[in-house]
Amino acid sequence: PERLEAIRHLIMQVRGQVAAERELRDPPPRMQPLLPGFMDLPQQMLDGFRRKGDASDLGRVLAAATRLRDQTDRVLVLGIGGSSLGAKALFDALCHTYHNELTPKARMGKPRIYFVGNDLDNDALQDLLELLENHCVDPELPEERWGAIAISKSGGTLETAAAYRVLRTEAAKYYGSQSPYVKSLFVPITGASGKFRDLLRAEGYSDEQLLTIPDNVAGRFSVLSPVGMLPAAVMGLDVRAILLGAAAMTRRFLEEPFERNPVLQYAAVHYLMCEELKKNVRVMSVWSRKLESLGFWYDQLVSESLGKQGRGPTPVTAVQSRDLHSRGQQHQEGTRDKIITNLLVKATRHPAIPIGMADRNEDDLNALSRKSYTDLQNAMLDGVNQAYLEAARPTANLILPVLSEHTMGQLLQMLMLATVVEARLMNVNPYGQSGVDVYKRHTNRMLRGG
Ligand code: PA5
């Protein structure tokens, strides 16, 4: 608490700096790249929709989603890193846990969703092609239709570009090369310029048919742009509620004092823990399997934004109570280099499931028959926190009242804002990824020679 008090002035200064970066039109070279567009994007998307309706960015996202939802049984989301992980986080958090296994009726007409184009795995791609191929009877009216959302901001990402090429070829075989489905069921999202946009234009897409990632929004900060919002709308999620939650978090960040500002508190504590107390391993301990992908999204956000100049925390996602049986021991008694955040959801979506009485009691559970799954989970969380306290392991709880579009919007925006604040406290630029650019250059040279 004393250290927090001591840096409070600095934190408020950094908030002012981050807020001012939104207005900076011509940043000095040391601040480049500067891509703060994600902060105001949710409100801008909502305002644009209010003013221009179907012609706005959000209106076009919703129209494309309706088309994909109405006309397909499966939708592939092609993209990697920031062009994939946010949509996956929303899918896992907010859709039925077994969405893809449900019957079409139980899915209420929503297509199954697959996240692909995020590796170079030959056999996994072949399996996908087999999955897509096996129902086609009439090329003009296949029994089961599939479509894709192809996402690449730069347009130069090998995995996504290769997957797009293979799957477009597959679609042409599936529907027939002249079929309008090939184009209408492939919805591309890309930056304002780049190789992907050039290719799409050559394929006959007009600018109105393309969804654009704003120039000033970086890949890993783009979940609330069409990158995350189109897949979310296809899943049948309430996209406006996600954006409203995020916009509310931006306002809170900009307006609230430190005591009521979750962004500033989260950033300050993590900055102090990492930079001053050398707690370099940052464990996001999620107490719902539905939040594991949110953890992976955050892993990327932290790794690419803060892992620079030989510094930065190492993020780890743990899913509880599963990983208490694997990582738990280490977190409690291993190297003292960790800070643990329990990410909790207070209210379950379904009524609590009781353990119940049974005729045989060899398992000794009859004593707990009136307890529910929620009771067990809460007891385990309290037990773990008590053990961490006794072992002097720094721990905090981050609590969502419910898992909903609105709370997910708040959480995503909170973690993105906190990452930028932390980067500015550390004096690193959160937006570039110079290391990644180097390995991409080497790969290209190895593939093309020279
Ligand atoms: O955060 C980033 O910038 C990266 O993780 C990108 O999102 C990822 O490399 C994909 O890039 P692109 O959308 O340009 O294909």
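Annotations for the structure displayed:
- Scan of region 315-327 for residues that are closer than 20 Å to residue 424 by Cβ and β-branched (Val, Ile, Thr), ordered by number: none
- Scan region 391-430 for residues that are of a type outside the set (Gly, Ala, Ser) and farther than 29 Å from residue 380 by Cβ and the total you get is 14.
- Residue among 290, 308 that alone is surrounded by 13 or more Cβ atoms within 10 Å (Cβ to Cβ), among the basic types (Lys, Arg) and closer than 23 Å to residue 97 by Cβ: 290
- Looking only at residues in region 91-124 that are within 16 Å of the ligand (Cβ to nearest atom) and aliphatic (A, V, I, L, M), the one that is surrounded by the most Cβ atoms within 10 Å (Cβ to Cβ) is 116.
- Put simply, of 381, 415, 398, 376 the only residue that is assigned to a helix (DSSP H, G or I), within 21 Å of the chain's Cα centre (by Cα) and modelled with pLDDT of 95 or more is 415.
- For region 177-208, filtering for residues that are surrounded by 16 or more Cβ atoms within 10 Å (Cβ to Cβ), away from the ligand (no atom under 14 Å from the Cβ) and in a helix (DSSP H, G or I) leaves 3.
- Subset of region 62-87 (residues that are within 16 Å of the ligand (Cβ to nearest atom) and outside any helix (DSSP H, G or I)): 76, 77, 78, 79, 80, 84
- Residue match in region 154-166 (condition: more than 16 Å from the ligand (Cβ to nearest atom) and either part of a strand (DSSP E or B) or among the acidic types (Asp, Glu) (or both)): no
- A single entry from 251, 282 fulfils the requirement of being out of contact with any Lys or Arg (no Cβ under 8 Å at 6 or more places or on another chain) and modelled with pLDDT of 95 or more: 251.
- Output for region 311-345, where each listed residue is under 19 Å from residue 267 (Cα atoms) and either modelled with pLDDT under 95 or part of a loop (DSSP other than H, G, I, E, B) (or both): 311, 312, 313, 337
- Filter pass, residue 171 being over 24 Å from residue 92 (Cβ atoms), within 14 Å of the ligand (Cβ to nearest atom) and not in a loop (DSSP other than H, G, I, E, B): no
- Members of region 413-450 found to be closer than 15 Å to residue 21 by Cα and in contact with a Cys (Cβ under 9 Å, 6 or more places away or on another chain), listed by number: 422
- Meets criteria (assigned to a loop (DSSP other than H, G, I, E, B), within 22 Å of the chain's Cα centre (by Cα) and at pLDDT 95 or above) for residue 356: no
- Within region 217-243, considering residues that are of a type in the set (Val, Ile, Thr) and outside any loop (DSSP other than H, G, I, E, B), the one farthest from residue 420 (Cα to Cα): 234
- Verdict on residue 59 being under 23 Å from the mean Cα position of the chain (by Cα) and within 16 Å of the ligand (Cβ to nearest atom): no
- Conditions (1) at pLDDT 90 or above; (2) in contact with a helix residue (DSSP H, G or I) (Cβ under 7 Å, 6 or more places away or on another chain): number failed by residue 392: (2)
The values are calculated or read from the model by the stated rules, or taken from the named source; none is laboratory data. Since the structure is predicted, the reported quantities are computational estimates derived from the model, not experimental observations. For neighbour counting, all protein chains shown are included, and Cβ atoms are generated from backbone atoms with ideal geometry for every residue, glycine included.
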